[in-house]
Amino acid sequence: MRFNLLRENEERPNWQQPENIVLALSTIFLGVIVGFSSLLLSLLLEVVEHFFLHYEETAKIPAPINTLPIDRLISVVIGGIIAALIWWGLRTKTVPTVSIKKALSGERMPFWQTTLHVMTQIFYVGTGGSIGRELAPREAGALLAQKWGNLLEKWHFPKLSADDRRLLMTAAAGAGFAGIYISPITGMFFSVEVLLRKMTLRTVGVSLTMSTIAMLIGSLVKGFQPYYILHDMTFTLTSFIFILILAPLTGLAGGFFRRFFQWAEKNQTKSKSILWQLPAIALMTGLVAYFFPEIMGNGRSLAQFAINSQQMHLVVVLVCGALLKVIITVLTIRAGAAGGTLTPSIAVGSALGAVLVLLLSFFLPGVSVGQGAILGAGTLLAASQQAPFMAMFMLIEITHLNYSALLPLALGIIISSAVSRKVLSKS
């Protein structure tokens, strides 16, 4: 990623120029409409979860533990069948959808097909499918920004440069994330670190402004409550010793996790085989969820389960949960499902961090299981996504961490990112 916050001429842009006025107004407008798109996707998720699983997801109850086991099984299987039919139709019977990266290269995102594609992602996660739900609001944001740019040209507004149009699309993708997870800084870093890979005053200003507006709109449904609940907020000096042990392990795991995801995406089912492969994986998910509901969804429930784990006998459960989450999520993507990998990475990292704390509790009594889980989540997320800034601020924002977590988390992210690069360089 290119850092250039102080040297470019855009450090002092002339905001009286017509194209800069259009860029500023577009930033505000897109922040509002992308925020509302994220809000609507949040409501869709709640409706699907209530109808299929008869529960309301919260930080305290992130998994449908009170839903009958047979209902959990039926829910995810039906969800897999319906999602498979929709994705098969989108990929074989109509204009195929376009990824954000391809859209940034100039390809057109078909409006209705992308809208249905986005809603299907949320639907499948809501029924219990093991996949991240953060890709959907990002694609919705990029779609809206692309259509907005086309409207500006149609209405003969002052023409934006190709770089500014790309900036609006990446900022809108990050804003979609911010509107779902109430995390504007994370949304900004997703835009400038992951997609645009260019950090200047202009890119940061546009992205952060748009993400903040979208966050405010999204909070009308979600409020400002933490996404994960951590009770032990004060990290001690012992956490530095713990992170030196944990970070190389999560860096190694994160590197392999990324390679697994890349393999699944490269070999993803695009043909009619999705009609049996995705329902088969949904059945596998449902059979596991019959006994272990934390496997369902985007990984939030497994991560919170890891944070709350206190007994040594849960080590085996957490290890099995992490392995199953990796296997089922990778196979879900391979079978044709679309979705994100951020929150599954957090779930796996949380489980690994919690396990290590439980195993080392006699030697490192100053680190709680919850703190270990959060450190594991942040370090594995950074390793699997190759985005250290985004990973760090995502954990800070969605968990509401205080300042004592900054240094051990930053140190761990540096180590895990370096280790994961070694793993990925050998691929």
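The values are calculated or read from the model by the stated rules, or taken from the named source; none is laboratory data. Everything numeric in this text was worked out from a predicted model, so none of it was measured. Glycine also receives a Cβ, built like all others from the backbone with ideal geometry; neighbour counts cover every protein chain displayed. Ligands, DNA and RNA are excluded from the accessible area calculation, which covers all protein heavy atoms including side chains. Shrake-Rupley method; radii C 1.70, N 1.55, O 1.52, S 1.80 Å.
Let me confirm something: among VAL355, VAL319, VAL288, VAL330, which residue is at pLDDT 95 or above and buried (at least 24 other Cβ atoms within 10 Å of the Cβ)? The match here is VAL355. Of the residues making up segment 119-139, those that are within 25 Å of PRO184 (Cβ to Cβ) and within 14 Å of the chain's Cα centre (by Cα) are GLN121, ILE122, VAL125, ILE131, GLY132, ARG133, GLU134, LEU135, ALA136, PRO137, ARG138, GLU139.
Table: residues versus (1) within 17 Å of THR343 (Cβ to Cβ); (2) open to solvent by 10 Å² or more (accessible area, probe 1.4 Å).
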position	(1), (2)
PHE362	no, yes
GLY366	no, yes
GLN371	no, no
LEU381	yes, no
MET392	yes, yes
GLU397	yes, yes
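In segment 34-57, the qualifying residues are those that are β-branched (Val, Ile, Thr) and out of contact with any Phe, Trp or Tyr (no Cβ under 6 Å at 6 or more places or on another chain), and the one that is most open to solvent (accessible area, probe 1.4 Å) is VAL47.
Look at segment 239-274 and say how many of its residues are assigned to a helix (DSSP H, G or I) and crowded, with 16+ Cβ neighbours inside 10 Å.
22
Every residue in segment 84-123 that is assigned to a loop (DSSP other than H, G, I, E, B) and either open to solvent by 60 Å² or more (accessible area, probe 1.4 Å) or not β-branched (Val, Ile, Thr) (or both), please. The answer is LYS93, VAL95, PRO96, SER99, SER105, GLY106, GLU107, ARG108, MET109, PRO110. Selection over segment 328-347 of residues that are of a type outside the set (S, T, N, Q), within 13 Å of the chain's Cα centre (by Cα) and in a helix (DSSP H, G or I) gives a count of 4.
I'd like to check something: does segment 305-325 contain any residue that is under 13 Å from GLY128 (Cβ atoms), small (Gly, Ala, Ser) and either in a loop (DSSP other than H, G, I, E, B) or free of Cβ contacts under 8 Å to residues at least 12 places away in the same chain (or both)? Checked segment 305-325: no residue is under 13 Å from GLY128 (Cβ atoms), small (Gly, Ala, Ser) and either in a loop (DSSP other than H, G, I, E, B) or free of Cβ contacts under 8 Å to residues at least 12 places away in the same chain (or both). The one condition from (1) open to solvent by less than 30 Å² (accessible area, probe 1.4 Å); (2) of a type outside the set (A, V, I, L, M); (3) modelled with pLDDT of 95 or more that SER309 does not meet is (3).
Looking at SER404, SER420, SER416, just one residue is farther than 24 Å from GLU139 by Cα, open to solvent by 10 Å² or more (accessible area, probe 1.4 Å), hydroxyl-bearing (Ser, Thr, Tyr) and assigned to a helix (DSSP H, G or I), and that residue is SER404.
Report whether or not THR234 is in contact (Cβ under 8 Å) with a residue 12 or more places away in the chain, polar (S, T, N, Q), in contact with a helix residue (DSSP H, G or I) (Cβ under 9 Å, 6 or more places away or on another chain) and under 26 Å from PRO18 (Cα atoms). Judged against the criteria, THR234 is not a match.
Please list, ordered by first then second residue, the pairs with beta carbon atoms under 9 Å, 6 or more apart or interchain, first in segment 32-46 and of a type in the set (Asp, Glu), second open to solvent by 20 Å² or more (accessible area, probe 1.4 Å). Matching pairs, first to second residue: GLU46/GLU56; GLU46/GLU57; GLU46/VAL221.
Condition test on LYS159, is it under 25 Å from MET109 (Cβ atoms) and in contact with a strand residue (DSSP E or B) (Cβ under 8 Å, 6 or more places away or on another chain)? No.
Being in contact with a strand residue (DSSP E or B) (Cβ under 9 Å, 6 or more places away or on another chain), modelled with pLDDT of 95 or more and among the β-branched types (Val, Ile, Thr) is a description that applies to VAL125. The one condition from (1) more than 21 Å from VAL348 (Cα to Cα); (2) assigned to a helix (DSSP H, G or I) that GLY126 does not meet is (1).
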